[in-house]
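Enquirer: What follows is a structure written as structure tokens; I'll ask about it next.
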Amino acid sequence: METENKSNVVVKAQESNFPLSFWEAAAASTVVLGFVFGLLCVYLTMPDSDYSFLKLPRSLEDLHVLRDHLESYTSDYTAQVLVGYCVVYICMQTFMIPGTVFMSLLAGALFGVLKGVALVVFTATAGASSCYFLSKLIGRPLVFSLWPDKLKFFQAQVAKRRNGLLNYMLFLRLTPTLPNTFINFASPIVDVPYHIFLLGTVIGLIPAAYLTVRAGIALGELESLGDLYDFNSIAALFLIGVVSVTPTLMNKNNS
């Protein structure tokens, strides 16, 4: 009953906060302008060249074109490529823009496994954190409008697993139980502490990042995104997720 009452309070608060107040809209606009300014600075610091190929990849074909153009450029202007990559990836994560899987593949194609995984985990974690804090500012009405049922489910699960929340967050990151974009945006709304969110994100993203970056090295062999995760890869990720949540379940049963 207590959990249900809390859910009702949150729902009512979310309904009453929509649309955004002036200060919430101003804060969100400031964040957007900050990313636009960062992207503009990256673009202006690039050497003179034809950049008509630069665009967010939406397909494997787009990714092949981007990889082919950036391979030689990366060796000569590594810093510019790294900064540009980070700004774009973090921006996509912050504003839940689809296509980060292509960016992860690109990291493998340009930087190899070790550097690629480190880059993807860093940028994905930074972007998820940025999304988390943006949601703290303006998230309640938006989450309730976009995912009301998922929000109630997530809130109930977090309340149940409060004593083993890190294990639960790891489980969510490693399995497709809830979309990562939803987890990023809804976590502050259901009172997931940031340090738990951060640890769960950093550790939980490593296995999937490794699989995607490794696939990016053999980009020419990919025919579709479905080839990224075969049955063995998905089973392995799910098994790791189950293992991560087992301590929480055992503690609950013992209590």
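Enquirer: Pulled fully out, how much extra length does the chain show between Ser21 and Ala218, if you take 0.36 nm times their separation in residues and subtract their Cα-Cα distance? Walk me through the numbers on the way to the answer.
Expert: On the way: separation 197, 0.36 × 197 = 70.92 nm, distance 4.81 nm.
Between Ser21 and Ala218, full extension yields an extra 66.1 nm.
Enquirer: Hey, another quick one. Over the Cα atoms of the stretch 41-192, how large are the radius of gyration and the largest Cα-Cα distance (Dmax), in Å?
Expert: That works out to 17.8, 56 Å for Rg and Dmax.
Enquirer: So for Leu70, Leu222, fewest C-beta neighbours within 10 Å to most, what's the order?
Expert: On the way: Leu70 19, Leu222 16.
Fewest-to-most Cβ neighbours within 10 Å comes out as Leu222, Leu70.
Enquirer: Arrange the following residues from fewest to most other Cβ atoms within 10 Å of their Cβ: Trp23, Trp147. Could the numbers behind the result be given before it?
Expert: On the way: Trp23 10, Trp147 18.
Arranged by neighbour count, lowest to highest, Trp23, Trp147 become Trp23, Trp147.
Enquirer: Okay, next question. Convert each backbone phi in the stretch 135-142 into a coupling constant with the Karplus relation 6.51 cos²θ - 1.76 cosθ + 1.60 (shift: θ = phi - 60°), then list the ³J(HN,Hα) values in order as whole Hz, x for Gly and Pro.
Expert: For the stretch 135-142, the Karplus curve yields 5, 4, 7, 10, x, 3, x, 6 Hz.
Enquirer: Sticking with this structure for a sec: How much length, in nm to one decimal, is gained on full extension between Tyr43 and Ala28, taken as 0.36 nm per residue of separation minus their Cα-Cα distance?
Expert: 3.1 nm
Laboratory data are not the source of any read-out in this text; all were calculated from the coordinates shown. Note that the structure is a prediction, hence the values are computed from the model and not measured. Cβ coordinates were reconstructed from backbone atoms using ideal geometry, including for glycine residues, and neighbour counts include every protein chain displayed.
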